[in-house]
Amino acid sequence: SSKVLGHSNATINDDVSRLRALFNFAKDEGWISGKSPFVKIKKLPTESKPVRYINSEQINAVLEVAERVSPAIHLFCGLAVLAGLRKKEAVFGHWEWVDWKGRAITVQGEDEGRCITKSKRHRTIPLNERLLAILGLYRKSEGYIIPTDRYSEGKWRYRYEPRKAFTSVVRAAGV
């Protein structure tokens, strides 16, 4: 994709969309009047990347590397890869959500006013043997599933940021 001033077409499209929304909001509030300068701006072409799937050998490799790195990334990888939890769902997951007898985890839609699931609704996911075993290694009766000592307050902050660790785990696993 072409770059304009070092930005990808997707970034430029996102920025124009935000500016268009900001202009429309200001117009709706009566702060400005006139025709939007963004009406005639067409989206730039972007490349769509094909969806990538990983096989069972790659899953095993990721989980083995993650276990050697730390409990936090091991739990994150297990929840993400084996249960399909999104980043926010895994990071804010609570031990109270795990139903050990029913072999399921119920992701809460909201927690302390913070939206956890994308739909804001609870969803229950069955847990397979492998994920039950991973969770069992670190099992607690309450609190967050993923341990962290670096918690920063704020509505828009994650209590644990797995991006760097996850990237290094995936790279080390050869995926």
Exercise for the section: Would you tally the residues in the range 149-166 being among the hydroxyl-bearing types (S, T, Y) and either modelled with pLDDT of 90 or more or surrounded by 14 or more Cβ atoms within 10 Å (Cβ to Cβ) (or both)? Expected result: 2
Practice task
Answer with yes or no whether R68 is closer than 20 Å to A172 by Cβ, outside any loop (DSSP other than H, G, I, E, B) and of a type outside the set (S, T, Y).
Solution key: yes
Exercise for the section: Inspect the range 55-78 for any residue being under 17 Å from the mean Cα position of the chain (by Cα), open to solvent by 40 Å² or more (accessible area, probe 1.4 Å) and either at pLDDT 90 or above or not hydrophobic (A, V, I, L, M, F, W, C) (or both) and give the result as yes or no. Expected result: no
Exercise for the section: Mind telling me which of the residues N13, N60 ends up being closer than 30 Å to C77 by Cα and either among the small types (G, A, S) or out of contact with any His (no Cβ under 8 Å at 6 or more places or on another chain) (or both)? Expected result: N60
Problem - Pairs, first under 13 Å from T11 (Cβ atoms) and in a loop (DSSP other than H, G, I, E, B) in the range 37-49, second aliphatic (A, V, I, L, M) and modelled with pLDDT of 85 or more, C-beta under 7 Å, six or more apart - result: L44/I12; T46/A10
Completion exercise
Residue hits (the range 95-114; outside any helix (DSSP H, G or I), open to solvent by 20 Å² or more (accessible area, probe 1.4 Å) and modelled with pLDDT of 80 or more) are D99, W100, K101, G102, R103, T106, Q108
Practice task
Take K49 and decide whether it is within 30 Å of R121 (Cα to Cα), at pLDDT below 95 and loosely packed, with under 14 Cβ neighbours inside 10 Å.
Solution key: yes
Handout entry: So T117, is it farther than 26 Å from R52 by Cβ and either open to solvent by 50 Å² or more (accessible area, probe 1.4 Å) or modelled with pLDDT under 95 (or both)
Key = no
Completion exercise
Of the residues in the range 1-45, those that are in contact with a helix residue (DSSP H, G or I) (Cβ under 7 Å, 6 or more places away or on another chain) and open to solvent by less than 80 Å² (accessible area, probe 1.4 Å) come to S2, V4, I32, S36, F38, I41, L44
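The values are calculated or read from the model by the stated rules, or taken from the named source; none is laboratory data. Everything numeric in this text was worked out from a predicted model, so none of it was measured. With ideal geometry, Cβ positions are generated from the backbone for all residues, glycine too; neighbour counts draw on all protein chains shown. These area figures cover heavy atoms from the full protein model, side chains too; ligands, DNA and RNA do not enter into them. Shrake-Rupley method; radii C 1.70, N 1.55, O 1.52, S 1.80 Å.
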